[in-house]
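A short write-up of the structure that comes next.
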Amino acid sequence: MSKITTLSEFIMQRQQDFPFATGELTSILNDISIASKIVNRDVNRAGLVDILGAQGSENVQGEQQQKLDVMADNAFIRAFKSGGEVCGIGSEEHEDFIAFDNEISKNGKYVVLFDPLDGSSNIDVNVSIGTIFSIYRRKSPTGTLATLDDMLQKGSEQVAAGYVIFGSSTMLVYTTGRGVNGFTLDPSIGEFCLSHPDIKTPETGRVYALNEGNLNQCDPGLKDYAEYCRQDDPATGRPYSGRYIGSLVADFHRNLLKGGIYIYPTTDSHPTGRLRLLYECNPLAFIVEQAGGIATDGKNRILDIQPKELHQRCGYYVGSKQMVEKAMSLLKETEKIQA
Ligand code: AHG
Ligand code: MN
Ligand code: MN
């Protein structure tokens with residue numbers, strides 16, 4: 001039997017590759033792994049105890065908070081606050097960022113931005129959901145309170161990013177800029193074990209994922225791309241298969257492993273897009289680039305966008321290189337014809 005490598009072992013091995021590493025990033029990743037196990041436990045018991053359904057409150061974006069959104073948010077904040085390496089966080093569930101006001105945290109060198117539970121609308125119906133996180137070095141001096149500028153950094157500045165998917169099995173996938181690795185939670189031992197080393201995404205695929213119900217509300221170039229996906233062309237594997245789970249993490253994860261494109265464009269009802277740059281688009285863009293894919297807002301590389309607001313939204317085209325490039329070229333062509 002081949003040797004099992006747990007996430008903690010893997011993180012430690014990687015730390016040894018950096019001669020000046022202090023172990024702080026390692027500790028944050030370990031905190032994330034522990035909080036993920038807590039959320040995993042709660043998500044798995046969701047039908048048994050009274051934690052399904054709406055919390056009865058709205059988050060900053062006017063969306064109904066689910067009880068599990070709030071529980072997951074609490075689990076991650078508790079882990080980061082007690083760890084001491086993180087000086088502040090930004091979460092989908094809080095209007096403002098939170099600066100941890102205690103002596104240990106004020107000396108933390110990092111900030112974390114996260115979506116505690118992605119795919120909330122799928123919670124009550126037992127469909128895959130996830131957590132997405134993004135880690136940056138702070139800009140403000142250590143020993144002080146974290147600032148908004150610490151949170152508003154370009155995605156290209158991320159030092160680590162990842163997601164946890166609560167699916168048919170629970171997986172944690174992350175990158176520190178040296179490839180992408182995936183770990184599956186073995187419930188019998190309570191450990192994330194390396195199951196998907198050095199993930200590379202296929203250059204092209206046969207799956208397109210978008211909410212087709214929005215097509216009449218978006219850029220005509222996107223209609224052309226959807227039409228292209230549906231056309232018959234055995235040479236390019238078309239028609240592609242339409243697959244849309246409605247949990248970004250789950251749609252992204254499938255495409256990462258099998259090849260494909262995920263699109264959430266700007267629409268009439270979401271003129272700046274629906275997905276949030278800082279804790280949805282940027283972390284997954286970092287991962288997809290590390291795996292050989294690309295992520296754009298339809299025009300620009302996601303990781304180059306300078307954020308101006310914590311909950312900033314953007315259009316999102318992410319996945320296999322050739323598929324995203326094709327979608328971008330059709331968007332451009334249609335724009336030219338219309339001009
Ligand atoms: P969240 O549950 O964190 O608010 O994110 C939901 C996002 C994303 O997971 C998903 O891909 C998208 O919203 C689905 O939106 P539509 O229902 O508009 O297609
Ligand atoms: Mn989300
Ligand atoms: Mn969410």
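The values are calculated or read from the model by the stated rules, or taken from the named source; none is laboratory data. Treat the numbers as computed from the prediction; the structure is a model and nothing was measured. Counting neighbours? That spans all protein chains shown, and the Cβs are built from the backbone with ideal geometry, glycine included. The accessibility values were calculated without ligands, DNA or RNA, using every heavy atom of the protein model including side chains. Shrake-Rupley method; radii C 1.70, N 1.55, O 1.52, S 1.80 Å.
Within segment 68-90, can one find any residue that is acidic (D, E), modelled with pLDDT under 95 and more than 24 Å from K308 (Cβ to Cβ)? Yes, some residue in segment 68-90 is acidic (D, E), modelled with pLDDT under 95 and more than 24 Å from K308 (Cβ to Cβ).
Can you go through D124, D73 and tell me which one is acidic (D, E), within 12 Å of ligand 3 (Cβ to nearest atom), more than 21 Å from D149 (Cβ to Cβ) and out of contact with any Cys (no Cβ under 9 Å at 6 or more places or on another chain)? First the steps, then the outcome.
Numbers: D124 fails: within 12 Å of ligand 3 (Cβ to nearest atom).
Of D124, D73, the one residue that is acidic (D, E), within 12 Å of ligand 3 (Cβ to nearest atom), more than 21 Å from D149 (Cβ to Cβ) and out of contact with any Cys (no Cβ under 9 Å at 6 or more places or on another chain) is D73.
Taking residues in segment 104-118 that are open to solvent by 10 Å² or more (accessible area, probe 1.4 Å) and among the basic types (K, R), and partners anywhere that are more than 16 Å from ligand 1 (Cβ to nearest atom) and part of a strand (DSSP E or B), the pairs with Cβ atoms closer than 7 Å and at least 6 places apart or on different chains are K106/C87; K109/R137. In the condition set (1) within 26 Å of N122 (Cβ to Cβ); (2) in contact with a Phe, Trp or Tyr (Cβ under 8 Å, 6 or more places away or on another chain), K326 is compliant with all but (1).
Within segment 78-103, being within 16 Å of ligand 1 (Cβ to nearest atom) and surrounded by 18 or more Cβ atoms within 10 Å (Cβ to Cβ) holds for I89, G90, S91, E92, E93.
Scanning segment 228-284 for residues that are under 16 Å from Y316 (Cα atoms), among the small types (G, A, S) and open to solvent by 40 Å² or more (accessible area, probe 1.4 Å) yields one hit, S269. Of the set (1) within 18 Å of S247 (Cα to Cα); (2) open to solvent by 10 Å² or more (accessible area, probe 1.4 Å), all apply to G130 but (2).
For segment 1-47, which positions are part of a loop (DSSP other than H, G, I, E, B), at pLDDT 90 or above and under 21 Å from I77 (Cα atoms)? Those that are part of a loop (DSSP other than H, G, I, E, B), at pLDDT 90 or above and under 21 Å from I77 (Cα atoms): none in segment 1-47. Specify the residue that is nearest to Q322 (Cα to Cα); the eligible residues are those in segment 216-227 that are free of Cβ contacts under 8 Å to residues at least 60 places away in the same chain and either open to solvent by less than 40 Å² (accessible area, probe 1.4 Å) or outside any helix (DSSP H, G or I) (or both). Applying the filter and picking the extreme gives A226.
Could you tell me which numbered condition P202 fails, if it satisfies all but one of (1) outside the structural domain of Q15 (by TED's automatic domain parsing); (2) exposed (fewer than 14 other Cβ atoms within 10 Å of the Cβ); (3) part of a loop (DSSP other than H, G, I, E, B)? Exception for P202: condition (2). Scanning segment 67-77 for residues that are open to solvent by less than 30 Å² (accessible area, probe 1.4 Å) and either touching a helix residue (DSSP H, G or I) at 6+ places or on another chain (Cβ under 6 Å) or within 16 Å of ligand 2 (Cβ to nearest atom) (or both) yields L68, D69, A72, D73, A75, F76.
Take L145 and decide whether it is within 16 Å of ligand 2 (Cβ to nearest atom) and of a type outside the set (D, E, K, R).
Working: within 16 Å of ligand 2 (Cβ to nearest atom): no; of a type outside the set (D, E, K, R): yes.
Considered against the rule, which asks whether it is within 16 Å of ligand 2 (Cβ to nearest atom) and of a type outside the set (D, E, K, R), L145 comes out as no.
Within segment 137-159, not a single residue is buried (at least 19 other Cβ atoms within 10 Å of the Cβ), within 13 Å of ligand 1 (Cβ to nearest atom) and over 16 Å from G83 (Cβ atoms).
Hey, among the residues in segment 103-121 that are within 15 Å of ligand 2 (Cβ to nearest atom) and in a strand (DSSP E or B), which one's nearest to T22 (Cα to Cα)? Show your work before the answer.
Looking only at segment 103-121, we keep the residues that are within 15 Å of ligand 2 (Cβ to nearest atom), and these are 113-121.
After this cut, where a residue has to be in a strand (DSSP E or B) as well, the list is 113-118.
Numbers: L113: 21, F114: 23, D115: 27, P116: 27, L117: 30, D118: 31 Å.
My answer is L113.
The C-beta contact set for segment 231-260 (first residue in contact (Cβ under 8 Å) with a residue 40 or more places away in the chain and under 17 Å from Y174 (Cβ atoms), second residue more than 16 Å from ligand 3 (Cβ to nearest atom) and in a helix (DSSP H, G or I), distance under 7 angstrom, 6+ apart or interchain) comprises L256/V288. Could you tell me whether segment 165-175 includes any residue that is outside any strand (DSSP E or B), surrounded by fewer than 22 Cβ atoms within 10 Å (Cβ to Cβ) and within 16 Å of ligand 2 (Cβ to nearest atom)? Yes: one or more hits.
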